[in-house]
Amino acid sequence: MNITAALHRAVHKFEGGTVGLADLMKISVSSLLHKVDPRYRGAHCSPDEFAEICTFTGDMTPLYALCARLRHQAIPLDLPEGTPCANELAKAMKEASDVFMRASKALEDGKVTENELRATEREVLEAIGAMTHLAKSLRQLHESQRPAV
């Protein structure tokens, strides 16, 4: 999907209307509409405006369109900061991402060198450690919530 088209659709589907969204973003309706109009090449969303559109509309389609274009993936982390285990979850996600980035880099030329293999194996072990820590934290949280016997 085209990124600008995804932004356009998110803006026009916003329940508060384009006027309401523009007010939230503190820009004029005209500017907002120009920034997301695929036929209007003169205006563009800044990265912050892009994020505001996704945040205020709750529509992540523009983000997914951007990720698809860059051949990446976005994974929602619905836990608010400070939620038990949020840090462990974020660390596990980062480490898993590092594994895929390292393996992808190693596979670029169709060969895997000894150094690439060792680096990837190191990333895998770090990911396993982070995921084990996450599982332990979840277990502790679960146990702390059980009624006393």
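The values are calculated or read from the model by the stated rules, or taken from the named source; none is laboratory data. Model, not experiment: these values are computed from the prediction. Backbone-built Cβ (ideal geometry, glycine too); neighbour counts: all protein chains shown.
If you take the residues of segment 38-60 that are modelled with pLDDT under 95 and charged (D, E, K, R), which of them is surrounded by the most Cβ atoms within 10 Å (Cβ to Cβ)?
Asp59
Can you tell me which residue among Asp98, Asp109 is touching a residue at least 24 places away in the same chain (Cβ under 8 Å), over 28 Å from Lys26 (Cβ atoms) and among the acidic types (Asp, Glu)? Don't jump to the end; show me each part of the working.
Values: Asp109 fails: touching a residue at least 24 places away in the same chain (Cβ under 8 Å).
None of the others qualify; the one that does is Asp98.
Being farther than 13 Å from Leu7 by Cα and not small (Gly, Ala, Ser) is the filter here; which residues of segment 25-37 pass it? Walk me through how you get there before you give the answer.
The initial filter retains those residues of segment 25-37 that are farther than 13 Å from Leu7 by Cα, namely 25-31.
Across segment 25-37, the qualifying residues are Met25, Lys26, Ile27, Val29.
Considering (1) modelled with pLDDT under 90; (2) under 27 Å from the mean Cα position of the chain (by Cα), say which one Leu107 fails and leave the rest.
Single failed check for Leu107: (1).
Being of a type in the set (A, V, I, L, M), in contact with a helix residue (DSSP H, G or I) (Cβ under 8 Å, 6 or more places away or on another chain) and either closer than 30 Å to Leu32 by Cβ or surrounded by fewer than 17 Cβ atoms within 10 Å (Cβ to Cβ) (or both): is that true of Val112 here?
Values: of a type in the set (A, V, I, L, M): yes; in contact with a helix residue (DSSP H, G or I) (Cβ under 8 Å, 6 or more places away or on another chain): yes; either closer than 30 Å to Leu32 by Cβ or surrounded by fewer than 17 Cβ atoms within 10 Å (Cβ to Cβ) (or both): yes.
Against the criterion (of a type in the set (A, V, I, L, M), in contact with a helix residue (DSSP H, G or I) (Cβ under 8 Å, 6 or more places away or on another chain) and either closer than 30 Å to Leu32 by Cβ or surrounded by fewer than 17 Cβ atoms within 10 Å (Cβ to Cβ) (or both)), Val112 qualifies.
Report yes if Val29 is closer than 12 Å to Ile53 by Cβ and of a type in the set (Val, Ile, Thr), otherwise no. Steps first, answer last, please.
Values: closer than 12 Å to Ile53 by Cβ: no; of a type in the set (Val, Ile, Thr): yes.
Criteria not met by Val29.
Here is a yes/no grid of residues against (1) among the aromatic types (Phe, Trp, Tyr); (2) under 27 Å from Val11 (Cβ atoms):
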{"residue": "Arg39", "(1), (2)": "no, yes"}
{"residue": "Cys45", "(1), (2)": "no, yes"}
{"residue": "Phe50", "(1), (2)": "yes, yes"}
{"residue": "Thr57", "(1), (2)": "no, yes"}
{"residue": "Thr61", "(1), (2)": "no, yes"}
{"residue": "Ile75", "(1), (2)": "no, yes"}
{"residue": "Ser97", "(1), (2)": "no, no"}
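Does segment 31-45 include one or more residues that are among the β-branched types (Val, Ile, Thr) and in the same structural domain as Val19 (by TED's automatic domain parsing)?
Filtering segment 31-45 for residues among the β-branched types (Val, Ile, Thr) gives 36.
Cutting the leftovers down to in the same structural domain as Val19 (by TED's automatic domain parsing) gives us 36.
Within segment 31-45, one or more residues are among the β-branched types (Val, Ile, Thr) and in the same structural domain as Val19 (by TED's automatic domain parsing).
Where in segment 38-135 are there helices (runs of 4 or more DSSP H), lying fully within it, with 3 or more residues that are farther than 29 Å from Ile3 by Cα? Let's see the steps before the verdict.
On the way: elements: 47-57, 61-69, 86-107.
Here the list reads 86-107.
Could you list all residues from segment 99-136 that are touching a Leu at 6+ places or on another chain (Cβ under 9 Å) and either of a type in the set (Gly, Ala, Ser) or more than 30 Å from Arg71 (Cβ to Cβ) (or both)? First the steps, then the outcome.
Filtering segment 99-136 down to residues touching a Leu at 6+ places or on another chain (Cβ under 9 Å) leaves 106, 116, 134.
Answer for segment 99-136, where residues must be touching a Leu at 6+ places or on another chain (Cβ under 9 Å) and either of a type in the set (Gly, Ala, Ser) or more than 30 Å from Arg71 (Cβ to Cβ) (or both): just Ala106.
Is it the case that Ala51 is in the same structural domain as Asp23 (by TED's automatic domain parsing) and of a type in the set (Gly, Ala, Ser)?
Details: in the same structural domain as Asp23 (by TED's automatic domain parsing): yes; of a type in the set (Gly, Ala, Ser): yes.
Against the criterion (in the same structural domain as Asp23 (by TED's automatic domain parsing) and of a type in the set (Gly, Ala, Ser)), Ala51 qualifies.
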